[in-house]
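Scroll down for the structure; my scribbles are underneath it.
Computed from the coordinates by the stated procedures, all read-outs in this text should not be read as laboratory data. All of these numbers come straight from a predicted model, not from anything done at the bench. Don't worry about glycine lacking a Cβ; one is built from the backbone with ideal geometry, like all the others, and counts go over all protein chains shown.
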Amino acid sequence: MPQASFHTVVPGDTLARIARANDLSLKALEDMNPQIHDPARIHPGDKVWLSPAEARAEVHGDAFVGHVAAPQNDGYQPVTLEQLRSIFPVTSRSKLQSMLGPINRAMNEFEINTPARQRAFLAQVGHESMGLQRTREFASGRAYEGRSDLGNTQPGDGRRFRGRGLLQITGRANYARMGKALDLNLLRHPELLEQPLNAARSAAQFWQSRGLNELADEGRFTKITRRINGGLRGQADRVKYLRRAERAIP
């Protein structure tokens with residue numbers, strides 16, 4: 001049995017080598033470390049769990065969720081599963097069920113707490129996440145390599161800090177800011193933004209910090225798109241989600 005609960009990756013390490021050194025099978029080690037999406041790509045400083053119990057605590061506990069503030073509004077009216085199904089009709093019920101709690105928790109925390117704010121928020125994240133189905137962009141991130149405007153100054157930053165979360169946080173600098181805001185080590189573990197709660201909280205934190213609640217109050221949906229996208233890419237699709245949200249959340 002392993003003597004330590006985790007191993008810190010050093011140059012030259014592979015998962016297979018770590019498994020052998022700790023009397024574990026490679027499959028068992030991979031199963032203990034679901035945060036490692038590509039077993040062929042581990043980096044010096046990464047934490048590899050050697051104990052199933054410790055791994056579960058890390059992945060599902062506060063260390064990987066970050067500090068979540070107490071609810072901001074005791075009178076918060078949560079959206080329901082049926083409302084999400086009306087807004088995102090092509091998304092599976094099981095996927096919507098898995099996102100329902102995280103979305104309500106995030107909207108409550110970041111004061112997306114009126115019908116107008118909820119409708120606009122869900123419409124925008126719906127477009128960016130393909131109906132809540134994606135928390136990581138399809139593209140490899142190669143196009144972001146060397147983008148100093150995103151803070152991508154180190155080799156591999158483009159791929160490592162590709163778009164994640166329900167609003168596709170992109171680039172080393174933005175991951176650093178979001179990690180500080182959510183109390184998550186996103187520079188070490190950018191994949192944390194793919195988890196449902198972190199994906200929802202990152203989107204809601206961005207939304208609040210950019211003044212999008214106030215724009216939603218004023219009904220300025222086009223300006224919201226510009227602040228998120230920098231332009232109006234996908235605006236017709238965003239409006240389609242908004243119209244569904246208006247019917248679902250009166």
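Quick notes
- Cross-link partners of LYS47 among lysines (Cα-Cα below 30 Å; sequence separation of 8 or more within a chain): LYS27, LYS95, LYS180
- Taking the helices alone, the chain has a mean residue ellipticity at 222 nm of -14000 deg cm²/dmol, built from -39,500 (n - 2.57) per DSSP H run of at least 4 residues and averaged over all its residues.
- Selection from THR153, SER86, ALA181 lying farthest towards where the dipole of the chain points positive, charges on Cβ: SER86
- Here segment 184-216 and segment 77-115 have alpha carbon centers that stand 15 Å from each other.
- Mean separation of Cα pairs under 8 Å and 6 or more residues apart, divided by the residue count, gives the chain a relative contact order of 19 percent.
- Reference-scaled alpha-carbon Rg (2.2 N^0.38 Å with N residues) for segment 90-227: 1.02
- Förster-model FRET efficiency, 41 Å R0, GLN235 and ALA21, C-beta, rounded to 0.05: 0.15
- Per-residue HN-Hα couplings for segment 202-210 [Karplus 6.51, -1.76, 1.60; θ = phi - 60°; Hz; x = Gly/Pro]: 5, 5, 5, 5, 4, 4, 5, 5, 9
- Partners for LYS223 among lysines (Cα-Cα distance below 26 Å; same-chain residues under 8 apart left out): LYS240
- Using the average count of surrounding beta-carbon atoms within 10 Å as a protection proxy, the listed peptides 106-113, 228-235 rank, highest first, as 106-113, 228-235.
- Rounded to two decimals, the Cα-based Rg/Rh of segment 162-250, with Kirkwood Rh, is 1.00.
- Estimated dipole of the chain in Debye, rounded to 20 [Cβ of Lys and Arg +1, of Asp and Glu -1, Cα centre]: 940
- Across every direction, the projection of the convex hull enclosing the Cα atoms of segment 87-141 has a mean area of 4.3 nm².
- Percent breakdown of C-alpha pair distances by 5 Å bin, ordered from the shortest bin, for the chain: 1, 6, 13, 16, 17, 15, 12, 8, 6, 3, 2, 0, 0
- Here LYS47, LYS223, LYS180 are placed in order of increasing Cβ neighbour count within 10 Å, fewest first, which gives LYS180, LYS223, LYS47.
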